[in-house]
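The values are calculated or read from the model by the stated rules, or taken from the named source; none is laboratory data. As the structure is a computational prediction, the values presented were derived from the model and not from experiment. Note that we place each Cβ from the backbone using ideal geometry, even for glycine, and neighbour counts take in every protein chain shown.
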Amino acid sequence: MKAGKFITLGVETSCDDTALALLEGAKTTLYDVISSQIADHSPFGGVVPELASRKHQEAFLPLLGALFKGSGMTPDEIDLIAVTAGPGLMGSLLVGVMAAKALAQAWGIPLVGVNHLEGHIFANILAHPRLEPPFLCLIVSGGHTEIVLARGEGKYLLLGATRDDAAGEAYDKAAKALGLGYPGGPVIERLAHGGDAMSFDFPIGLKDSKEVEFSFSGLKTALRTTVLNLKERGACGDLPIPDICASFQRAVTEALMRKTRLAVKKTGVKRVVISGGVAANGALRDALTSEGKSAGWDVFIPSREYCTDNAAMIAAAGYSAFMRGERSDLSLTPDPSWEIWDESG
Ligand code: KG4
Ligand code: ZN
């Protein structure tokens with residue numbers, strides 16, 4: 001370790017955000033930068049994998065320059081590089097992993113490959129430094145919908161996941177069906193403010209199942225069918241968009257809350273955190289906060305910038321893995337479906 005505090009460079013390129021961050025010690029974000037590709041993917045209504053990897057490649061070195069310029073730090077102050085090595089889009093992951101390997105070799109410092117979902121769990125630890133395991137983490141993003149029991153750093157039990165679409169994907173597909181653009185979550189949330197959430201009785205997937213599992217494909221189909229029926233009935237230019245958005249948001253939120261309640265019941269763990277892009281959703285944040293109050297849960301909700309993809313959470317997970325003795329070498333290869341769940345917790 002170099003003189004002074006331990007500094008980790010976090011590198012995140014698993015989906016459509018190129019992000020870099022400098023972390024001091026375990027939990028202090030010194031500086032972070034992000035280059036969003038939303039404008040590039042928006043015309044296509046979703047992330048186009050090949051375009052994403054090209055954009056990461058274009059953005060990476062200018063962003064690294066911006067990180068050093070903005071933070072006033074220099075490469076010789078960095079002790080470790082932590083890079084997302086999966087899960088995610090292969091072409092996107094390759095750009096970050098390749099760049100991180102090159103930098104680690106050029107700078108003569110260690111490298112550790114980080115699981116993106118472990119990063120999302122660490123986003124909560126960064127946002128709430130007093131948070132201690134065990135806790136339940138509801139991870140809800142464009143690619144994932146999972147409830148994980150974090151028993152300790154590096155010890156994660158997967159309680160359940162979605163059988164089909166992720167919650168964020170459901171928002172994105174709903175927005176596409178309504179002609180609202182990409183990403184769907186923020187625009188649906190905004191329009192839902194002016195709507196009546198009880199207008200449409202959209203289905204709540206696997207509502208009565210006794211397992212911690214989700215399904216959003218039926219909801220997506222119900223929304224599409226509703227839109228088609230309304231159009232057939234001549235409501236064309238005049239769809240009740242705010243009512244549809246509010247009702248859709250209610251169904252997603254209720255599905256997530258039901259299974260979170262079930263996870264608390266099954267594990268007895270009442271400390272609950274959330275992460276991933278959908279965790280930025282106000283209706284979900286409010287539902288979790290009020291359930292926490294009424295059911296006596298200890299709820300931790302990260303600020304919105306820690307919900308969506310960022311590199312500080314990758315640096316924090318990487319620092320923890322490094323301190324647990326994990327190392328990667330130059331043979332590190334991304335794994336688009338990397339799982340970290342430990343059956344025995
Ligand atoms: O975690 P994230 O930034 O990227 C990954 O998918 O890994 O999550 C993006 C997803 C998108 O599907 C987006 O529609 C959703 O999160 N999202 C939201 C909100 N903000 C982003 N969903 C609901 N409400 C929001 N406010
Ligand atoms: Zn993510």
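Okay, here's what the table says:
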quantity	calculated
Search result, residues across segment 10-62 that are under 20 Å from HIS116 (Cβ atoms), away from ligand 1 (no atom under 15 Å from the Cβ) and assigned to a loop (DSSP other than H, G, I, E, B)	ALA26, LYS27
Exclusive hit being within 12 Å of ligand 2 (Cβ to nearest atom) and surrounded by 24 or more Cβ atoms within 10 Å (Cβ to Cβ), set ALA316, ALA311	ALA311
Selected residue (only one of GLU153, GLU211 is modelled with pLDDT under 95 and under 24 Å from VAL264 (Cβ atoms))	GLU153
Strands (runs of 3 or more DSSP E) contained in segment 82-196 and holding at least 1 residues within 11 Å of ligand 1 (Cβ to nearest atom)	135-140, 145-152
Subset of segment 34-58 (residues that are free of Cβ contacts under 8 Å to residues at least 60 places away in the same chain and either touching a Gly at 6+ places or on another chain (Cβ under 8 Å) or outside the structural domain of PRO75 (by TED's automatic domain parsing) (or both))	PRO49, GLU50, ALA52, SER53, HIS56
Given (1) touching an Asp or Glu at 6+ places or on another chain (Cβ under 6 Å); (2) aliphatic (A, V, I, L, M); (3) assigned to a helix (DSSP H, G or I), index of the condition LEU219 fails	(1)
Candidate set from segment 78-96 (those that are more than 16 Å from ligand 2 (Cβ to nearest atom) and closer than 15 Å to ALA315 by Cα); member that is surrounded by the fewest Cβ atoms within 10 Å (Cβ to Cβ)	ASP79
Only one of LYS270, LYS293 that is away from ligand 2 (no atom under 16 Å from the Cβ), at pLDDT 95 or above and within 23 Å of PHE214 (Cβ to Cβ)	LYS270
Some residue of segment 139-149 being in contact with a His (Cβ under 7 Å, 6 or more places away or on another chain), closer than 25 Å to PRO334 by Cα and not small (Gly, Ala, Ser)	yes
Segment 64-110, residues that are aromatic (Phe, Trp, Tyr) and farther than 20 Å from ASP17 by Cα	TRP107
Identity of the residue in segment 234-279, without any contact (Cβ under 8 Å) to a residue 40 or more places away in the chain and of a type in the set (D, E, K, R), that ends up nearest to THR221 (Cα to Cα)	ASP238
